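What follows is a set of notes on a single structure, which appears directly below.
The values are calculated or read from the model by the stated rules, or taken from the named source; none is laboratory data. These numbers were taken from a predicted model, which means no experiment stands behind them. When we count neighbours, we look across all protein chains shown, and the Cβ atoms used for this are built from the backbone with ideal geometry, even at glycine.
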Amino acid sequence: MSWTTADIPDQHGRVAVVTGANGGLGLASAVALAGRGAHVVLAARDQVKGAAALERLRAVHPGASAELVELDLGSLASVAAAARRIRSVHPAVDLLMNNAGVMAMPQGLTADGFETQLGVNHLGHWALTAHLLPAIVRVPGARVVTVTSGAQHLGRPLDPGDPSRLRDFDPWRAYDDSKLANRHFAQGLDRRFRAAGVAARALTAHPGFTDSGLQATTVAAGGGGRLARFFDALTRRFGMTVERGALSQLRAATDPEAEGGTMYGPRWSAGGPPVARRLFRPGSDAAIETLWTVSQRLTGLDVDVEAALADTGAIGRP
């Protein structure tokens with residue numbers, strides 16, 4: 001039997017933070033979660049689009065509980081400010097959905113000097129998770145869901161000597177690498193939850209072949225070359241809707257049976273109902289630990305579950 005939004009358990013009383021919620025998969029996820037009663041924090045860089053997204057969510061679900069927070073994942077200062085605002089209002093966060101991302105962008109740097117895709121797709125979410133971790137571990141059963149891509153299977157583990165790989169930059173390889181980093185991050189975080197005895201779970205999800213607008217953004221930015229234009233045309237014609245594409249991350253976020261460390265994706269990779277997917281390239285311990293060390297060095301922030309527990313009095317332990 002196919003899993004749909006009707007299978008999302010009641011979410012009343014839960015707080016969900018969704019990055020990149022101004023459109024695409026993020027907005028589709030936010031709408032679905034709000035429809036089941038969650039209070040949704042729409043975290044978005046573009047506040048004009050974010051306000052329009054919030055208005056659309058409320059049009060679909062009048063009376064829904066939701067708010068908009070400015071978040072630029074390409075700026076560690078913006079990430080810190082967004083996290084401070086969220087924690088000032090919500091001392092406990094039930095779900096963090098690390099959804100936002102960019103793909104095959106032209107060579108460029110974030111405000112902090114990181115290659116754009118590494119900075120936005122991984123390091124920005126690393127920093128946000130680090131800042132929100134004390135609020136996350138307060139909730140038994142909290143979840144952190146990080147959106148990856150089938151491109152992760154082509155990715156290379158983070159290189160400690162050249163994390164941004166600017167010496168031999170290729171926009172598609174950079175995207176692949178950032179998506180593998182997303183998966184390694186989720187696997188490492190789930191291991192740390194387990195080691196600390198925390199009843200929280202970290203999972204990944206990929207949307208398959210979905211017309212999310214990501215491809216169009218790449219083309220508009222002049223990135224990805226002919227391949228980006230080809231994918232944009234292909235997804236516009238044959239891709240799943242964002243509502244269907246978002247089902248994988250929604251299942252990872254809400255299915256009571258979902259196990260930590262699992263990746264959810266469409267049954268037939270490109271399309272189909274969301275199912276737990278087998279990892280063809282399981283993350284190695286060495287690659288995951290390298291990602292932790294390098295990410296901490298680059299951002300000055302550690303995703304430290306034990307420290308977060310100390311900040312909350314171990315509320316999140318069962």
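Is it the case that segment 130-151 has a residue that's surrounded by fewer than 24 Cβ atoms within 10 Å (Cβ to Cβ) and over 25 Å from V69 (Cβ atoms)?
yes
Does L71 count as free of Cβ contacts under 8 Å to residues at least 24 places away in the same chain and over 25 Å from D232 (Cβ atoms)?
no
Matching residues to (1) more than 19 Å from L247 (Cβ to Cβ); (2) at pLDDT below 95; (3) crowded, with 18+ Cβ neighbours inside 10 Å:
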| position | (1), (2), (3) |
| --- | --- |
| F193 | yes, no, yes |
| R201 | no, no, yes |
| P207 | no, yes, yes |
| G224 | yes, yes, yes |
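Can you pull out the residues in segment 12-22 that are in contact with a helix residue (DSSP H, G or I) (Cβ under 6 Å, 6 or more places away or on another chain) and of a type outside the set (A, V, I, L, M)?
Listed by number, the residues that qualify are G20, N22.
How many residues, within segment 74-125, are farther than 24 Å from W292 by Cβ and in contact (Cβ under 8 Å) with a residue 40 or more places away in the chain?
Step one: list which residues in segment 74-125 are farther than 24 Å from W292 by Cβ, which gives 81, 85, 88-92, 94, 103-108.
The next check asks that each one be in contact (Cβ under 8 Å) with a residue 40 or more places away in the chain; those that pass are 90-92, 94, 103-107.
Qualifying residue count, segment 74-125: 9.
When you look at R85, is it under 30 Å from A310 (Cα atoms) and either out of contact with any helix residue (DSSP H, G or I) (no Cβ under 8 Å at 6 or more places or on another chain) or among the polar types (S, T, N, Q) (or both), yes or no? Before the answer, list the steps.
Working: under 30 Å from A310 (Cα atoms): yes; either out of contact with any helix residue (DSSP H, G or I) (no Cβ under 8 Å at 6 or more places or on another chain) or among the polar types (S, T, N, Q) (or both): yes.
Judged against the criteria, R85 is a match.
Which residues, taken from segment 1-21, are in a loop (DSSP other than H, G, I, E, B) and buried (at least 24 other Cβ atoms within 10 Å of the Cβ)?
Taking segment 1-21 first, the residues in a loop (DSSP other than H, G, I, E, B) are 1-4, 8-14, 20-21.
Within segment 1-21, G20, A21 qualify.
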